[in-house]
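A.B. asks: Below: one structure in structure tokens.
The values are calculated or read from the model by the stated rules, or taken from the named source; none is laboratory data. Predicted model only: the values in this text are computed from it and were never measured. Cβ sites come from the backbone with ideal geometry, for glycine too, and all protein chains shown count toward neighbours. Just so you know, the surface numbers come from the protein's heavy atoms only, side chains and all, with ligands and any DNA or RNA stripped out. Shrake-Rupley method; radii C 1.70, N 1.55, O 1.52, S 1.80 Å.
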Amino acid sequence: MLGSIFKPEVLLGPARDISITCHASATGRGKLHGSPECRALRSAASVIQFAIAFGEAVEQLCTHCRWALFPDSPILPLGAAVNDVDSLTIWLDRGPEDEDDIEAERDAAIALSTGDYPPHTHDIRDADEEDNGAGYDEEWERYDRARDIRYGRHSHWRRLHSYLIRSNQAVADYPFLAPWAEGLQSRLTAVLDAERRAFAALVQPARLLEAAAVRVLPTPQFSGDPGFAGLGAEAEKTFRRAWCEWSRRATWSWQRLEDHDLLVYSVVSDAFGRRRKGKPEAHTAFRQLTADWIRQAREEADRPAAAP
């Protein structure tokens, strides 16, 4: 639908001189159409067909018609590029956020400042908490909402970024689109920055620094800890897998390093299968290992940066 893609303000470059076939009322009034069967031509006494330069026709093109262009017509890739730039408009001039959403985001930032889960998640619940199960569930729901809000912000920020990248590529392919595209790209950049700041408010910088520190930690060497005895010949393999899984997840996460303990727990449990002998001791040993990895990562994160 050329008429809906190519607006009058879009520069056409060399495509302006390409000839296209149009249909119109014999009176010469009205839009130019890609097919004589267009519903807008039904009331016309007669319809004529003629060739016209694309640049001359663009302001009169019907927005509902399709044109039968050759597969190698330069208009087709140009139209795709124009669409990549014009699609930025769907993210501009949007209404302000609802006050309830703003309040929910504030609460999410407060909750996530302590971690991704309620602070008492890893502690043994006392009798009062057992009696107050509803409050405990509400706290979990609060953190679930907070994580959902953060995920939504992150996804939307990445989505906006992908739109901007596609529009940049379109302008790189067709530089004559730049004067038209620059205004839209500039406005989207401002929206993108606002979205980035909103997402950043839901992430703790210290968590990101610790995640980066995990990446540079040396691979730990296996040692015959007595707690591994129950794993037998699988001990070293389990050790390697636990480190691989934990470090991979920690490196690409914005959560507390402690929030990945369950991953190591699952690795050890899988290694034991249905066997129980030595399993509690192994879990204790691996908890200590994980605590050591976390300590090393935080020491690395706290290390002063080297002078350039």
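A.B. asks: So which residues in the stretch 218-229 are touching a residue at least 40 places away in the same chain (Cβ under 8 Å) and open to solvent by 20 Å² or more (accessible area, probe 1.4 Å), if there are any at all? It would help to see each step written out before you state the result.
C.D. replies: So the first thing to find is which residues in the stretch 218-229 are touching a residue at least 40 places away in the same chain (Cβ under 8 Å), and the list is 220, 225-229.
Of everything in the stretch 218-229, those that are touching a residue at least 40 places away in the same chain (Cβ under 8 Å) and open to solvent by 20 Å² or more (accessible area, probe 1.4 Å) turn out to be 220, 225, 226, 229.
A.B. asks: Scan (1) outside any helix (DSSP H, G or I); (2) under 21 Å from residue 151 (Cα atoms); (3) open to solvent by 40 Å² or more (accessible area, probe 1.4 Å) for the single condition residue 193 breaks and write down its number.
C.D. replies: (1)
A.B. asks: While we're on this one: The conditions are (1) in contact with a Pro (Cβ under 6 Å, 6 or more places away or on another chain); (2) farther than 17 Å from residue 1 by Cα, and residue 28 fails exactly one of them. Which is it?
C.D. replies: Residue 28 satisfies every listed condition except (1).
A.B. asks: Among 267, 203, 214, which is the only one that is in a loop (DSSP other than H, G, I, E, B) and open to solvent by less than 90 Å² (accessible area, probe 1.4 Å)? Spell out the reasoning first.
C.D. replies: Details: 267 fails: in a loop (DSSP other than H, G, I, E, B); 214 fails: in a loop (DSSP other than H, G, I, E, B).
Selected residue: 203, the only one of 267, 203, 214 that is in a loop (DSSP other than H, G, I, E, B) and open to solvent by less than 90 Å² (accessible area, probe 1.4 Å).
A.B. asks: Go through the stretch 237-252 and give me each residue that's open to solvent by 40 Å² or more (accessible area, probe 1.4 Å) and either part of a helix (DSSP H, G or I) or without any contact (Cβ under 8 Å) to a residue 12 or more places away in the chain (or both). Before the answer, list the steps.
C.D. replies: Pass one, the stretch 237-252, residues open to solvent by 40 Å² or more (accessible area, probe 1.4 Å): 237, 240-241, 244-245, 248-249, 252.
If the condition is that a residue be open to solvent by 40 Å² or more (accessible area, probe 1.4 Å) and either part of a helix (DSSP H, G or I) or without any contact (Cβ under 8 Å) to a residue 12 or more places away in the chain (or both), then 237, 240, 241, 244, 245, 248, 249 are the ones that fit.
A.B. asks: For residues in the stretch 55-88 being polar (S, T, N, Q) and over 23 Å from the mean Cα position of the chain (by Cα), which is farthest from residue 30 (Cα to Cα)?
C.D. replies: So in the stretch 55-88, the residues polar (S, T, N, Q) come out as 60, 63, 73, 83, 87.
From what is left, the residues that are over 23 Å from the mean Cα position of the chain (by Cα) are 60, 63, 73.
Working: 60: 8, 63: 12, 73: 26 Å.
For the stretch 55-88, the residue satisfying everything is 73.
A.B. asks: Looking at the stretch 253-262, is at least one residue open to solvent by 80 Å² or more (accessible area, probe 1.4 Å) and at pLDDT 95 or above?
C.D. replies: Of the residues in the stretch 253-262, the ones open to solvent by 80 Å² or more (accessible area, probe 1.4 Å) are 262.
When the remaining residues are screened for being at pLDDT 95 or above, the result is none.
No: the stretch 253-262 contains no residue that is open to solvent by 80 Å² or more (accessible area, probe 1.4 Å) and at pLDDT 95 or above.
A.B. asks: Go through the stretch 270-308 and give me each residue that's within 15 Å of residue 230 (Cα to Cα), free of Cβ contacts under 8 Å to residues at least 40 places away in the same chain and open to solvent by 70 Å² or more (accessible area, probe 1.4 Å). Let's see the steps before the verdict.
C.D. replies: Step one: list which residues in the stretch 270-308 are within 15 Å of residue 230 (Cα to Cα), which gives 270-286.
Filter once more, so that each one left must be free of Cβ contacts under 8 Å to residues at least 40 places away in the same chain: 270, 273-274, 276, 280, 283.
Within the stretch 270-308, 270, 274, 276, 280 meet the criteria.
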